[in-house]
Amino acid sequence: MNLTDIQLIKSLSAYRRVSYVISVAMMIAFVASINRSTHTNDLQQVFKRGVLTILTTESATTFFEKSGVCNGFEFLIANGFARNLGVELEVKTKNNFEELKLAINAGEKNLIVANLTQTMLSQHLLDFSIPYHYVSEQLIYRRDKPKPDTITDLQRTMVLTNQPCFFVTQIKDTQQNNPELILIDNPSLSNVDTMRMVHSNNYDYSITDSLSFNINRYIFHEVAIGIEIS
């Protein structure tokens with residue numbers, strides 16, 4: 001056994017420990033969510049059907065299928081959670097965040113497994129688990145345009161967004177003093193869509209998160225970070 005073999009074994013062991021902790025944490029959050037819900041038999045229904053159904057979006061960070069194999073970070077966590085419960089995993093995809101929220105509130109599925117921003121509005125509509133990853137909000141722009149440093153630099157521009165976030169609230173607060181700043185709120189778009197539109201020069205700026213930007217920045221190479229809010 002060489003050094004590479006030892007490092008591989010250590011990495012696999014660490015992965016199993018992390019996967020177990022995440023799986024248990026998700027199970028605790030899920031059960032707690034069910035206990036707070038009026039539908040006290042949700043977990044029993046999952047066991048009875050033998051299937052845990054999740055809602056997600058298709059992206060490199062959530063869920064995708066290639067050559068008949070399902071993958072994606074959120075999918076892998078949900079699949080581990082389903083195995084922990086001893087049931088099968090069923091994945092249903094939606095086009096955007098708005099469709100996810102409407103579907104889960106209509107009782108269509110059991111869980112949303114996606115990169116959702118937790119805002120005061122969404123907290124009233126959804127019951128969030130304990131976060132396992134944190135991202136920052138980012139205003140992105142094309143590299144051939146002047147880099148904005150503050151919101152006051154956004155005069156006479158159009159900013160595209162697809163879901164409520166702290167950055168959107170800040171922009172709305174400044175619009176009274178800056179009526180030429182136009183905020184385009186389109187919940188039918190994904191984070192990939194908003195990056196593509198800035199890359200293609202359809203909009204001056206858009207708001208995304210650090211995870212989506214890091215995953216897709218090599219595809220949309222004309223896009224850069226202007227303002228970041230941790």
Exercise for the section: Filter region 81-100 for residues that are over 16 Å from the mean Cα position of the chain (by Cα) and in a strand (DSSP E or B) and give the result. Expected result: 88, 89, 90
Practice task
Tell me, yes or no, whether region 110-123 has at least one residue that is surrounded by 13 or more Cβ atoms within 10 Å (Cβ to Cβ), part of a helix (DSSP H, G or I) and more than 19 Å from the chain's Cα centre (by Cα).
Solution key: no
Exercise for the section: State yes or no: is residue 80 at pLDDT below 80 and farther than 30 Å from residue 204 by Cα? Expected result: no
Fill in the blank from the handout: Those residues of region 153-169 which are outside any loop (DSSP other than H, G, I, E, B) and either touching a helix residue (DSSP H, G or I) at 6+ places or on another chain (Cβ under 8 Å) or not aromatic (Phe, Trp, Tyr) (or both) amount to 153, 154, 158, 159, 160, 161, 168, 169
Exercise for the section: Output the number of the condition that residue 56 fails; it satisfies all remaining conditions of (1) without any contact (Cβ under 8 Å) to a residue 60 or more places away in the chain; (2) surrounded by 16 or more Cβ atoms within 10 Å (Cβ to Cβ); (3) among the polar types (S, T, N, Q); (4) more than 24 Å from residue 186 (Cβ to Cβ). Expected result: (4)
Problem - Residue check for residue 185: surrounded by 17 or more Cβ atoms within 10 Å (Cβ to Cβ), of a type in the set (Asp, Glu) and in contact with a Leu (Cβ under 9 Å, 6 or more places away or on another chain) - result: no
Practice task
Using the structure shown, decide if residue 141 is among the hydroxyl-bearing types (Ser, Thr, Tyr), under 21 Å from residue 220 (Cα atoms) and not assigned by TED's automatic domain parsing to the domain that holds residue 51.
Solution key: yes
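The values are calculated or read from the model by the stated rules, or taken from the named source; none is laboratory data. Please read all numbers here as calculations on a predicted model, not as lab measurements. In this analysis, Cβ positions are derived from the backbone assuming ideal geometry, glycine residues included, and neighbour counts consider all displayed protein chains.
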